[in-house]
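Taking it in order: structure first as structure tokens, then the write-up.
Only the coordinates and a few stated rules stand behind these numbers; no lab work does. Note that the coordinates shown come from a computational prediction; the quantities given were computed from them, not determined experimentally. Here the Cβ is made from the backbone with ideal geometry for all residues, glycine too, and neighbour counts use every protein chain on show.
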Amino acid sequence: MISFHCPRCGKALIMPNREAGKEKTCPDCGAAFVVPEPPPRQRASRMRRLLPATVALLIVSVLLGFWVFKARRPARIQGRFAERLHQLSSRWQGIEWLECDPIHDHFKVSVYYGSERGTYHLEANGSQGSGPTIVRVNPPRWLAYARYLGAVEESFEYHGDDGSERIELQTLAGDLSDALRQALR
Ligand SMILES: [Zn+2]
């Protein structure tokens with residue numbers, strides 16, 4: 001409601017908001033006047049009523065966006081990993097994710113490398129946290145085993161007797177660990 005006074009006789013008048021801007025006459029003195037706009041206070045209170053709804057909508061949007069972001073995370077990790085290996089060499093083939101679980105931070109990937117010597121089967125485990133990355137070559141009796149913390153190789157074991165194979169596997173394990181670490185970043 002709009003509460004105001006007649007500009008001529010000063011009578012207190014009350015009119016519904018919808019009458020704002022319309023021409024009326026004073027019921028007491030008959031003076032013609034234009035009904036004033038409701039005070040800004042009323043508009044402010046409407047804003048206050050709308051504010052919680054606006055905030056709620058905003059929170060829902062953010063949560064929904066985060067959910068979509070999280071749901072798409074495994075696909076983005078796998079995409080980055082495949083892209084990285086492809087950049088390194090076309091000899092990397094047959095990527096298979098045994099675990100790709102951002103919720104529990106478990107990641108395990110199996111991949112093949114076609115070397116001059118033959119095809120190697122490598123498996124890498126990693127996490128998005130500060131845990132180690134483990135790379136194993138040729139199951140079930142592992143031909144090589146490597147452990148990394150970040151980009152640093154902590155240990156490398158080779159169970160064969162070919163020095164140049166050892167060097168190749170050490171390089172491959174390092175590349176695979178890097179690719180996984182970068183994909184999980
Ligand atoms: Zn009047």
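Observations
- Dividing the mean sequence gap of close Cα pairs (under 8 Å, 6+ apart) by how many residues the chain holds gives a relative contact order of 12 percent.
- Between the range 125-185 and the range 95-124, the Cα center-to-center distance that results, in Å: 11
- Degrees between helix 163-184 axis and first principal axis of the chain (Cα, 0 to 90, nearest 10): 10
- Here the chain is assigned +1 on the Cβ of each Lys and Arg and -1 on the Cβ of each Asp and Glu. Its dipole about the Cα centre then comes out at about 1880 debye.
- Between 0 and 90°, nearest 10: helix 40-71 axis offset from the chain longest Cα axis: 10
- Under 12 Å of direct C-alpha separation, and excluding same-chain neighbours fewer than eight residues apart, LYS11 reaches these aspartates and glutamates: ASP28.
- Between HIS159 and HIS121, the FRET efficiency estimated from the beta carbon spacing at R0 = 22 angstrom works out to 0.90.
- The C-alpha atoms of the chain define a longest principal axis, and helix 73-88 lies at about 40 degrees to it.
- Using C-alpha pairs under 8 Å with a sequence gap of at least 6, the mean separation divided by the residue count of the range 22-112 gives a relative contact order of 14 percent.
- Relative contact order of the range 74-184: 21 percent, from C-alpha pairs under 8 Å at least 6 residues apart in sequence.
- Whole-Hz couplings from phi, Karplus 6.51/-1.76/1.60, listed for the range 17-23; x for Gly and Pro: 4, 5, 7, 4, x, 8, 8
- Taking 37 °C and 0.692 mPa s as conditions, the range 12-169 diffuses translationally at an estimated 149 µm²/s according to Stokes-Einstein applied to its Kirkwood radius (Cα pairs).
- Calculated [θ] (222 nm, deg cm²/dmol) that DSSP helices of n ≥ 4 give over the chain, each run adding -39,500 (n - 2.57): -13500 deg cm²/dmol
- Derived scalar couplings between HN and Hα for the range 137-143 equal 10, 6, x, x, 8, 4, 6 Hz in order, rounded to whole Hz, by the Karplus curve 6.51 cos²θ - 1.76 cosθ + 1.60 (θ = phi - 60°), x for Gly and Pro.
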